[in-house]
Amino acid sequence: MKILLIIVIVIVVIAVLAWLGLQIKPKPFPAYPDEEAELEYVPLPDGLPAPVERFYTTLYSDEVPLVTSAVISGRADMRVNGITFPARFRFTHTAGQDYRHYIEATIYGLPLMQVNESYLDGKSRMELPFGITENEPKIDESANLGLWAESMWLPSLWVTDARVRWEPIDANSATLIVPFGKQENTFTVRFDPETSLLREMEAMRYREASDAQRIRWICRSEQWGKVGEKDTLETGSITWMDEGTPWATFYVEELLYNVDVEAYVRQKGI
């Protein structure tokens, strides 16, 4: 009985220590070293579906910025194998073309797992703690959806990129059609009827290269506000609908536009 009691006590102590470690948020990544170039603005185009036009006029007024690159940094909560880890992240975008993700899941504020993921020249490469995935057409398509969904942090791109178009659905939603090589991907985008701001984006997306069918995938805006001086999405979440709850929630703390990312987007790590 004493041995059993000791084992139980040890298990409880380990569980408590692990739980405590998961309550500590990591420090943010160092600030990105380059400064933003001055933004240029262009008139909001005519002919947008009504809820789309309301969104842009609410966020920007009658002119929108020309964004060519973005660096999005902050902290996150991410569920891995049923355990939610505090994390920190940096997403680097060549607007509408390429991205790189660097993520650290942490315990006691220290890196436990690292993710180096990129979508460059139309090809995805995922370096996860469990292995590397690349040269998978289904994952390439998934990454392209990620590229355009993450443009929630640079949404003017959806009206300044000539390859993108909007089609009406109803008073509070519209279809967003984006390029995918010689093909296209489609999102259903819903807007809040009270604030006019974007509420969620929905698409059908492969989760794994082995998936036989796409899964309903939701990117939800949890809070709009200011990051620095920018009116933007502060908090966003991602949900696979067969799981029912967000597997990741991102809290943006630094958002830079039109910085030099030509080399950085092809690097690894921070």
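Annotations for the structure displayed:
- Candidate set from the stretch 156-206 (those that are polar (S, T, N, Q), in a strand (DSSP E or B) and touching a residue at least 40 places away in the same chain (Cβ under 8 Å)); member that is surrounded by the most Cβ atoms within 10 Å (Cβ to Cβ): Asn185
- Breaking point among (1) out of contact with any Gly (no Cβ under 8 Å at 6 or more places or on another chain); (2) surrounded by 10 or more Cβ atoms within 10 Å (Cβ to Cβ); (3) at pLDDT 95 or above, for Pro28: (1)
- Residue list for the stretch 259-270, filter: hydrophobic (A, V, I, L, M, F, W, C) and in a loop (DSSP other than H, G, I, E, B): Val259, Val261, Ala263, Ile270
- Hey, Asp170 closer than 26 Å to Leu48 by Cα and of a type in the set (Asp, Glu) or not: yes
- The set of residues in the stretch 212-258 that are part of a loop (DSSP other than H, G, I, E, B) and either touching a helix residue (DSSP H, G or I) at 6+ places or on another chain (Cβ under 7 Å) or buried (at least 18 other Cβ atoms within 10 Å of the Cβ) (or both) comprises Pro246, Asn258.
- Residue match in the stretch 73-96 (condition: modelled with pLDDT under 95, surrounded by 16 or more Cβ atoms within 10 Å (Cβ to Cβ), over 30 Å from Ala171 (Cβ atoms) and under 20 Å from the mean Cα position of the chain (by Cα)): yes
- Wholly enclosed strands (runs of 3 or more DSSP E) of the stretch 89-149 bearing at least 2 residues touching a residue at least 60 places away in the same chain (Cβ under 8 Å): 98-107, 110-120
- Flag for Ala162 being modelled with pLDDT of 95 or more and either under 23 Å from Gly236 (Cα atoms) or among the acidic types (Asp, Glu) (or both): no
- Condition met for Leu44 (surrounded by fewer than 21 Cβ atoms within 10 Å (Cβ to Cβ) and either within 18 Å of the chain's Cα centre (by Cα) or over 25 Å from Thr175 (Cα atoms) (or both)): no
- Some residue of the stretch 117-127 being closer than 19 Å to Tyr251 by Cβ and over 14 Å from the mean Cα position of the chain (by Cα): no
- Among residues of the stretch 18-74, those that are among the β-branched types (Val, Ile, Thr), in a strand (DSSP E or B) and more than 30 Å from Tyr108 (Cα to Cα), counted: 2
- Complete set of residues in the stretch 193-224 that are on the phi > 0 side of the Ramachandran plot and in contact with a strand residue (DSSP E or B) (Cβ under 7 Å, 6 or more places away or on another chain): none
- Flag set for Asp140, criterion: on the phi < 0 side of the Ramachandran plot and among the charged types (D, E, K, R).
- Within the stretch 122-140, the set of residues being closer than 28 Å to Val64 by Cα and crowded, with 17+ Cβ neighbours inside 10 Å is empty.
The values are calculated or read from the model by the stated rules, or taken from the named source; none is laboratory data. In this text the structure is predicted, and so the values were computed from the model without any measurement. Reconstructed Cβ throughout: ideal geometry from the backbone, glycine too, with neighbour counts over all protein chains shown.
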